[in-house]
Amino acid sequence: MPAKIIVQKFGGSSVADVQKIENVATRVNRYAKQGYRMAVVVSAMGKSTNELIGLARQINPSPSEREMDMLLSTGERVSSSLLAMALHTRGREAISFTGSQVGIITDTVHTKAKILKIETKRIKKELNRGKIVIVAGFQGVSTDKEITTLGRGGSDLSAVALAVTLKADMCEIYTDVDGIYTADPRIVPNAKKISRITFDEMLELAARGAQVMQTRAIEVAKKFNLPLHVRSSFSRKEGTIIMEKIPHIEAAIVRGISLTESEAKVTVCNLPDKPGIAAKMFNELARGNVNVDMIVQNVSHKKTTDISFTVPKDTLSKTMSLSRKISKAIGAGRVTADEDIAKVSLVGVGMRSHPGVAARCFSVLAKNKINIEMISTSEISISCVVHKEAGKKAMKVLHKEFKLGKGKK
Ligand code: ADP
Ligand code: ASP
Ligand code: MG
């Protein structure tokens, strides 16, 4: 029987400096010694992607998306080749590849391309020769033969997509925390590690700001029912398994809380209150590849209405110019933006069968004098937009209210 295939992904913090790359090499080598066929995906070192974005902005405040992909994809080339070298010094055969070299084919949407397919011939050839294959995460090549990137945090997606395509026996995501917690442990120190979490819960937590896993990576893992093991690259402790279903006994009403400060609220005033107007606006934004999240339409007064919605801050300037254009075309009024918002979200599949979670959430925020600006709910989540300054506090008081922490704190 051929040896089992493992896909391991190491995030930026796990390869932040030479010593950490050595640490990763030692771990990878340990698995390789056990006879596994290893495909390893790496992110760029530390904060280097942010540094590259900073450089670009100094030169051009709104750089071309094609050039951004050319620039940002270099970060992962650095870490992947260094890791290959570190494995060579350990006497291992290893070879690094860019996304393009291993045939990660994407669509043509720069900065957030979607993977269309992965041609595994080259990887498989190297794996079967006993080489450790190291793939630069976060990148691919488009059907137009241009270099593309997969959106922030996209190395998670590279790893999951590779694991699916290679039919890997295991997919491990190594990071700087030892698993998924009930809330970001950097903000809520007594957050508790979750041993098992469903794809649906993780999807909601990630989509609502828990940066520990990229949302799209979870979508793909769910689609192909690929369990993921999220764990620390600095210890051998078992982390969190993300999987389809967990035994009922472990079901919690609220599984975790996430917070994001990376969205902005846009308000379009005085829209004509008639059918088709919202469709026109949001179709236009979708065509511009803007991901709109929460949408609230105010009560109509004098046959006009206001619509507010949230978008990622990094698409705000594009959103504003598109919205102004649409507003003019449909005879609406002013378009304003508010960047000082935070969105806090409660997530848990148990909410489905437990009414009253929303009411409890709003009461706690009210008791703590936190004003709610927007609300959205789904079967398994409740999100509230609050003022940016109140975001962390909202997360902490909700974490306490739903008794998610360790101990009594
Ligand atoms: P990597 O560099 O490995 O990709 P990230 O920085 O993208 O790592 O993600 C790990 C970080 O995610 C953690 O350091 C933690 O602060 C943050 N995080 C946010 N929400 C959670 C959560 N619910 N559980 C664990 N970590 C979380
Ligand atoms: N380096 C990229 C980023 O910082 C991709 C990743 O880390 O997954 O977003
Ligand atoms: Mg990440």
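The values are calculated or read from the model by the stated rules, or taken from the named source; none is laboratory data. No experiment lies behind these values; they were computed from the predicted model shown. Methodologically, a virtual Cβ is constructed for each residue, glycine included, from the backbone with ideal geometry; neighbour enumeration extends over all protein chains shown. Ligands, DNA and RNA are stripped out before the accessible areas are found, and what is left, the full protein with its side chains, is counted by its heavy atoms. Shrake-Rupley method; radii C 1.70, N 1.55, O 1.52, S 1.80 Å.
Residues of the stretch 167-181 that are away from ligand 3 (no atom under 11 Å from the Cβ) and open to solvent by less than 10 Å² (accessible area, probe 1.4 Å): C171, E172, G179, I180.
If you filter the stretch 209-223 down to residues that are touching a helix residue (DSSP H, G or I) at 6+ places or on another chain (Cβ under 7 Å), among the hydrophobic types (A, V, I, L, M, F, W, C) and within 13 Å of ligand 3 (Cβ to nearest atom), you find that the one that is farthest from V24 (Cα to Cα) is I218. Note on the stretch 216-236: residues that are assigned to a helix (DSSP H, G or I), more than 12 Å from ligand 1 (Cβ to nearest atom) and out of contact with any Phe, Trp or Tyr (no Cβ under 8 Å at 6 or more places or on another chain) total 4. Would you please name the residue that is most open to solvent (accessible area, probe 1.4 Å), looking only at residues in the stretch 136-155 that are of a type in the set (A, V, I, L, M, F, W, C) and either within 12 Å of ligand 2 (Cβ to nearest atom) or in contact with a helix residue (DSSP H, G or I) (Cβ under 7 Å, 6 or more places away or on another chain) (or both)? Residue satisfying both the conditions and the ranking: I147.
Residues that are closer than 20 Å to S43 by Cα, hydroxyl-bearing (S, T, Y) and under 24 Å from the mean Cα position of the chain (by Cα): does the stretch 58-71 have at least one? Checking the stretch 58-71: not a single residue is closer than 20 Å to S43 by Cα, hydroxyl-bearing (S, T, Y) and under 24 Å from the mean Cα position of the chain (by Cα).
When the residues of the stretch 51-65 are filtered to those that are under 27 Å from I118 (Cβ atoms) and either out of contact with any Leu (no Cβ under 6 Å at 6 or more places or on another chain) or in contact (Cβ under 8 Å) with a residue 40 or more places away in the chain (or both), the one that is least open to solvent (accessible area, probe 1.4 Å) is I53.
Tally time: how many residues in the stretch 281-316 are at pLDDT 90 or above, open to solvent by 70 Å² or more (accessible area, probe 1.4 Å) and over 22 Å from S381 (Cβ atoms)? Within the stretch 281-316, residues that are at pLDDT 90 or above, open to solvent by 70 Å² or more (accessible area, probe 1.4 Å) and over 22 Å from S381 (Cβ atoms) number 2. Here the helices (runs of 4 or more DSSP H) wholly within the stretch 119-207 that include at least 1 residues being among the basic types (K, R) are 121-128. Among the conditions (1) touching a Gly at 6+ places or on another chain (Cβ under 9 Å); (2) buried (at least 17 other Cβ atoms within 10 Å of the Cβ); (3) touching a residue at least 40 places away in the same chain (Cβ under 8 Å), the only one that P272 does not satisfy is (2). Selection of strands (runs of 3 or more DSSP E) fully inside the stretch 334-409 by the criterion of at least 3 residues being out of contact with any Cys (no Cβ under 9 Å at 6 or more places or on another chain) and of a type outside the set (A, V, I, L, M) returns 381-387. Across the stretch 224-242, the number of residues qualifying as surrounded by fewer than 16 Cβ atoms within 10 Å (Cβ to Cβ) and out of contact with any helix residue (DSSP H, G or I) (no Cβ under 7 Å at 6 or more places or on another chain) comes to 6. Can S48 be described as within 14 Å of ligand 2 (Cβ to nearest atom), at negative phi, in contact (Cβ under 8 Å) with a residue 60 or more places away in the chain and among the polar types (S, T, N, Q)? In short, no. Suppose the filter is more than 27 Å from F402 (Cα to Cα), touching a strand residue (DSSP E or B) at 6+ places or on another chain (Cβ under 6 Å), of a type outside the set (A, V, I, L, M, F, W, C) and in contact (Cβ under 8 Å) with a residue 12 or more places away in the chain; does D293 pass it? So D293 fails the test.
For the stretch 245-269, taking the residues that are touching a Gly at 6+ places or on another chain (Cβ under 7 Å) and of a type in the set (A, V, I, L, M, F, W, C), the one that is surrounded by the most Cβ atoms within 10 Å (Cβ to Cβ) is identified as V254. All told, R37 meets the bar of being charged (D, E, K, R) and touching a helix residue (DSSP H, G or I) at 6+ places or on another chain (Cβ under 6 Å).
Just so you know, in the stretch 238-290 the residues that are among the polar types (S, T, N, Q) and part of a loop (DSSP other than H, G, I, E, B) include one that is nearest to A358 (Cα to Cα), and it is S262.
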